[in-house]
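One structure is given below, encoded as structure tokens.
The values are calculated or read from the model by the stated rules, or taken from the named source; none is laboratory data. In this text the structure is predicted, and so the values were computed from the model without any measurement. Here the Cβ positions follow ideal geometry from the backbone for every residue, glycine too, while neighbour counts run over all protein chains shown. Side chains are part of the model used for accessible areas, which takes the heavy atoms of the whole protein and leaves out ligands, DNA and RNA. Shrake-Rupley method; radii C 1.70, N 1.55, O 1.52, S 1.80 Å.
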Protein chains: 2
Amino acid sequence: MKMNELCHEIISSRSAYDSIQPKYCQLPKGHSGKHSEFHYLDHLRTVQKSVADKIKRDSTMTTGAAWKSAEAGPNRILRWVMLLSDSDLKHYEIQMDKLKPQVVAKLREKSATYDDCMAVAKKLTWLVYQMNEAPKPPQDIREYLENYFGKMVSGSTTCIICKEKLSFSLFSKAQRGKAEIETGHISPREHNAENVGFAHRECNIAQGNKTVLEFYDWIRGIIKRVDNR
Amino acid sequence: MKMNELCHEIISSRSAYDSIQPKYCQLPKGHSGKHSEFHYLDHLRTVQKSVADKIKRDSTMTTGAAWKSAEAGPNRILRWVMLLSDSDLKHYEIQMDKLKPQVVAKLREKSATYDDCMAVAKKLTWLVYQMNEAPKPPQDIREYLENYFGKMVSGSTTCIICKEKLSFSLFSKAQRGKAEIETGHISPREHNAENVGFAHRECNIAQGNKTVLEFYDWIRGIIKRVDNR
């Protein structure tokens, strides 16, 4: 991965988790104007705010239980907070030992460093701009993202699982209240720029906790058994 | 489907839904002893009660929301009750118009007649006895079930989706609190003896709301795209 040289000034916030991990300005070194952690989402935010919000959320937050309770745990939490030990988390009023073991496992396997989360957000933004029907990025954002991930090719973003081309319009479609497009992981337990992408909701569900390659092996086996009967 | 000639005496119960649909004795006509709706599960119940309970539950009850609330609706209800109109259901304190449309759709598509549910329970029992490592059925139960569905072949029951042989021991295995084996439907919205069978939980999830044939077409398409790149 090529890199942009970043400003990296600390951006102070009122988050209770700031003492664990400060936020850093992700703009190029020597930039003009205000510091910003997600400046490359500014354009997408004006086009379709929900997409920018989704990228920020999926890259930085765990998905926990669908509801919040003492037993089920927090429903979303910053991924890097989940790198802390159980005893350190108590200082932030997160009682891991009160949660069910399955919830703990789910939260812990979604932990990721701040830097990986920042890289994931950039990668997802780069992918969105290469979807069919996607808006065109402003030149500065295009260059910033291409410096990391290479030249953008319009209409080249595919579902990481079924390999069908993805359309930007899928972001606004929903079935039974669930978005038709999700952030997916080639290997489900690694949250970094190389391993993330977008997937159809149905593909993501079918993949389950397999890697994409394990999923292909699995469905090849099914087809083989079906055809040999 | 061949048939047993049944006793069909009404078995009175204290269920609030008895006025909608009485329970009928499913024993052969002229049987001795007590009337029974699920006599063919008696043996399985002594071997592994949870399996007999599961067959009865999956064949006769809808799966609703994972929790119970005014908005989410009843979490399980008799499938034939869901054949009643919204206004008839009000007499049973079920307010369909208070539920979210998605919940209503989910409940309604799981409706089935009493006779179909009885046939499903018998079919599932017939399939269980043909799993690897399954107990041997007593002769009267074997004959009763074979009269409907044909000769039992030990070790012949496969997952209706991936076609791998299923073992009776899967019923006692669970991952993250979820059973590894589920009742599946070849076409997800038809609850009758021809259309039901057992499936691995992961297969059932991957199938989603597709028919098994649609699922095969879908995964064939994926393999084709993956291999052609």
**OP:** Any residue in the range A:207-226 that's more than 8 Å from chain B (Cβ to nearest Cβ): show its pairings with residues that are hydroxyl-bearing (Ser, Thr, Tyr) at Cβ separation under 7 Å, as long as the two are six or more apart or on different chains.
**Re:** A:Thr211/A:Ser187
Subject >> Complete set of residues in the range B:88-105 that are open to solvent by 70 Å² or more (accessible area, probe 1.4 Å) and either closer than 13 Å to B:Thr62 by Cβ or not in a helix (DSSP H, G or I) (or both) >> reply: B:His91, B:Glu93, B:Gln95, B:Lys100
Original post:
How many residues are open to solvent by 30 Å² or more (accessible area, probe 1.4 Å) and free of Cβ contacts under 8 Å to residues at least 40 places away in the same chain if we restrict to the range A:147-169?
Top reply: 9
Original post:
Which condition breaks for B:His8 when tested against (1) at pLDDT 90 or above; (2) within 19 Å of the chain's Cα centre (by Cα)?
Top reply: (2)
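Do we have A:Glu133 as touching a helix residue (DSSP H, G or I) at 6+ places or on another chain (Cβ under 8 Å) and free of Cβ contacts under 8 Å to residues at least 40 places away in the same chain here? Write out each step before concluding.
Values: touching a helix residue (DSSP H, G or I) at 6+ places or on another chain (Cβ under 8 Å): yes; free of Cβ contacts under 8 Å to residues at least 40 places away in the same chain: yes.
Considered against the rule, which asks whether it is touching a helix residue (DSSP H, G or I) at 6+ places or on another chain (Cβ under 8 Å) and free of Cβ contacts under 8 Å to residues at least 40 places away in the same chain, A:Glu133 comes out as yes.
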Original post:
Identify, please: which residue in the range A:133-146 is in contact with a strand residue (DSSP E or B) (Cβ under 9 Å, 6 or more places away or on another chain) and open to solvent by less than 60 Å² (accessible area, probe 1.4 Å) and is, among those, farthest from the other protein chains (Cβ to nearest Cβ)?
Top reply: A:Tyr144
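I'd like to verify a number: residues in the range A:69-87 that are surrounded by fewer than 14 Cβ atoms within 10 Å (Cβ to Cβ) and at pLDDT 85 or above, how many? Full working, then the answer.
To start, the set of residues in the range A:69-87 that are surrounded by fewer than 14 Cβ atoms within 10 Å (Cβ to Cβ) comprises A:69-71, A:85-87.
Pick out the ones that are also at pLDDT 85 or above and you get A:85-87.
Qualifying residue count for the region: 3.
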Original post:
Just for the range A:99-115: of the residues that are among the β-branched types (Val, Ile, Thr) and in contact with a helix residue (DSSP H, G or I) (Cβ under 7 Å, 6 or more places away or on another chain), which one is modelled with the lowest pLDDT?
Top reply: A:Val104
Subject >> Cross-chain or 6+ apart pairs with Cβ under 6 Å, the range A:12-36 first and open to solvent by 50 Å² or more (accessible area, probe 1.4 Å), then not aromatic (Phe, Trp, Tyr) and not in a loop (DSSP other than H, G, I, E, B) >> reply: A:Tyr17/A:Leu78; A:Tyr17/A:Val81; A:His35/A:Ile11
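So, in the range A:106-121, of the ones that are open to solvent by 10 Å² or more (accessible area, probe 1.4 Å) and assigned to a helix (DSSP H, G or I), which residue ends up farthest from the other protein chains (Cβ to nearest Cβ)? Full working, then the answer.
As a first pass, look at the range A:106-121 and keep what is open to solvent by 10 Å² or more (accessible area, probe 1.4 Å): A:106, A:108-111, A:113, A:115-116, A:119.
Remaining after also requiring assigned to a helix (DSSP H, G or I): A:106, A:108, A:115-116, A:119.
Values: A:Lys106: 8, A:Arg108: 14, A:Asp115: 30, A:Asp116: 25, A:Ala119: 25 Å.
Applying the filter and picking the extreme gives A:Asp115.
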**OP:** Report yes if A:Asn147 is in contact with a Ser or Thr (Cβ under 9 Å, 6 or more places away or on another chain), modelled with pLDDT of 95 or more and polar (S, T, N, Q), otherwise no.
**Re:** no
Original post:
Of the residues that sit in the range A:151-200 and are under 14 Å from the mean Cα position of the chain (by Cα), outside any strand (DSSP E or B) and of a type in the set (D, E, K, R), which one is farthest from the other protein chains (Cβ to nearest Cβ)?
Top reply: A:Glu190
Original post:
Which numbered condition trips up B:His191, out of (1) free of Cβ contacts under 8 Å to residues at least 24 places away in the same chain; (2) closer than 26 Å to B:His43 by Cα?
Top reply: (1)
